[in-house]
Structure formats: C-alpha cells, structure tokens
1. Looking at the stretch 105-113, is at least one residue out of contact with any Ser or Thr (no Cβ under 6 Å at 6 or more places or on another chain), within 20 Å of Cys18 (Cβ to Cβ) and surrounded by 15 or more Cβ atoms within 10 Å (Cβ to Cβ)?
2. Out of the stretch 44-101, which residues are more than 23 Å from Asp133 (Cα to Cα) and of a type in the set (Phe, Trp, Tyr)?
3. Can you pull out every residue in the stretch 1-39 that is without any contact (Cβ under 8 Å) to a residue 24 or more places away in the chain and either under 12 Å from Leu72 (Cβ atoms) or in contact with a helix residue (DSSP H, G or I) (Cβ under 6 Å, 6 or more places away or on another chain) (or both)?
4. Between Lys257, Lys276, Lys266, which is under 18 Å from Ala188 (Cα atoms), among the charged types (D, E, K, R) and not in a loop (DSSP other than H, G, I, E, B)?
5. Do you know which of the residues in the stretch 185-200 that are of a type outside the set (Val, Ile, Thr) and free of Cβ contacts under 8 Å to residues at least 40 places away in the same chain is surrounded by the fewest Cβ atoms within 10 Å (Cβ to Cβ)?
6. Within the stretch 150-189, track down each residue that is farther than 15 Å from Asn119 by Cα and touching a Leu at 6+ places or on another chain (Cβ under 6 Å).
7. Within the stretch 205-214, does at least one residue satisfy the condition of being buried (at least 17 other Cβ atoms within 10 Å of the Cβ) and either without any contact (Cβ under 8 Å) to a residue 12 or more places away in the chain or closer than 17 Å to Arg259 by Cα (or both)?
8. Please give the helices (runs of 4 or more DSSP H) falling wholly within the stretch 119-217 in which 2 or more residues are of a type in the set (S, T, N, Q).
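The values are calculated or read from the model by the stated rules, or taken from the named source; none is laboratory data. Everything quoted here is computed from the prediction, not taken from an experiment. As a convention, Cβ positions derive from the backbone with ideal geometry for all residues, glycine included, and neighbour counts pool all protein chains shown.
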Amino acid sequence: MSIEIRKIGIIGAGQMGCGIAHVAALHGFDVRIKDISHEKVESGLATINGNFLRQVQKGSLSEDERKNALKLIEGAVHYEDLSECDLVIEAATENETTKKRIYEELCRVLQPHAMLASNTSSISITRLAAATDRPERFMGIHFMNPVPLMQLVEVIRGIATDDATFSSAKQFVSALGKTITVSEDFPAFIVNRILMPMINEAIYTLYEGVGSVEAIDAGMRLGANHPMGPLQLADFIGLDTCLAVMQMLHDGLADSKYRPCPLLVKYVEAGWLGRKTKRGFYDYRGEKPVPTR
C-alpha cells in the first residue's frame, strides 16, 4: 500500500533544495527546508521568493499563487523540525560521507512510516539506503537542474526498496507535474551516465588544444543544436559536481573511458567551480562571461 505524502522535508537550501521546495509548494505540499545555519536557510528562502517573483513578472504565476506557495514553506535548522514529514529528500552536497552523517541524525527523529530519498546524481542508492534504519523506505529521486524548469525526474530504487515506497515516490513526482524515468541503480543512473562523459570529452578537447572554449561551445550549440555548450553547461552544473560524477563512474564501472580529464581536476583544485564561484571555463565577474582559456 502506498504512503500518503503531505508534508515534505528537504535537507540542503542550495540550488537543488530550493528548486525542489519551490515546485513542491506550488503543488500544494507543506515544505520544511533545512540547512546547517539560519543564514543559509534565510538565503535559500530569499532565493525561492526571488524565483517566484520572476515567474510572476513573466506571467507564468499569479501574485496569489506566489503568496500561497510561500506560506507553505518554512525554514529549519534542527532535524527535529522534520519529525512530522512523510517524505524527506536529502539534497546535500554530492559527498557520500556527508550524506550518511545526515541520515544518522535524521533517522533518530523520523516517524516509522516516513520515507527517505536522496537527490544524488550518481551515488549508489543501495549503499546509501544501507546507512539508514529504513532501507526498504529509501530511494533515489533525482531532479534535474533547474528544478522549476526541467521536466524530468529520475526515480531509482535500491535493492531493498519496497513496492509501496516505489509507488509512493512515483505518485509524488507525478503530483509535481514532472515526467518520470525509472533507472536501475548503476553509477550516475541514466542522464549523467550519458551527459557527464560528453562534458568530460569536451574538456579533453580543450585540454588537448583541439579547440578553444568558444569554439567547442559554439560547435555543440550550432552543430548539434544543444541549447547550451558543454563547457558552459559544466560551469552551470558546478565543476566539482562534474568531477564527483566522473570519479563515481570511473570507480564504479572500472573503465578508463570514464577517467576525469586532468584539466577538470586542476580547475576544481583551483576552486574555479563555475558560476557559483564566478570562475570556471568562463569568468563571470564582469558584465559578460569571458573564456578563461
């Protein structure tokens, strides 16, 4: 029997967590969004409101809809604030140790019926589930970025996920107006299994001097009709995330074709992670992005 989901907890008030909260509140769910400090939570709530306001300005949302959605979102800094949630979605950094530490704290306060999900883009759902007290009620619900705009959600069950949890997760995603694709629990699932090696290959193409940043991005935008060039997209995703997924693929599938490009490693070591740090394959500190190579 599926579980009725009314109240959602979200751990992580970053880009993904805010996007999930935004969409869930618009579709009538009570939302609690948690991060490690009041400052991070307040920043996340301000981001969500700013995104709502942009939708109002564009005419895709009414002012009443914005106000009603905002009323459904509350910030939290304590795990106890999520104790009434029917589903908690972890959208923390793509680090397995960090995620497992979160589950340890979270499971102490959750009700027995509550479901747990990870928004991980690459880590084994089975392995994450095993670190909780409820592997049968744990699964992957991987939203695409930016969540309010992207139609697809990958749903991944671990080896222990029961049918009721799987059914409830699919009902929840459908209630958000999203399209579901079901992936088996393999490293990086479907979308990133295909996308990240393409981005990594674009970085190798730059690293080996085959083309400049602008030439590579223009080539894929205009030659393959991609809406965004691969290096521009890498900056948008975050180069640290791209590297983490490539490392997960390389370690999990033991195939040299997934070896992260040394130039990607170097950019991450430099702290040039893309848009969020104002520098990546482009420099975003001026009026217009300028290639850094």
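1. For the stretch 105-113, residues out of contact with any Ser or Thr (no Cβ under 6 Å at 6 or more places or on another chain), within 20 Å of Cys18 (Cβ to Cβ) and surrounded by 15 or more Cβ atoms within 10 Å (Cβ to Cβ): present.
2. Across the stretch 44-101, the qualifying residue is only Phe52.
3. Selection gives nothing.
4. Answer to the check: Lys257.
5. Among those that are of a type outside the set (Val, Ile, Thr) and free of Cβ contacts under 8 Å to residues at least 40 places away in the same chain, it is Met198.
6. Hit for the stretch 150-189 is Thr179, nothing else.
7. Yes.
8. 163-175, 191-207
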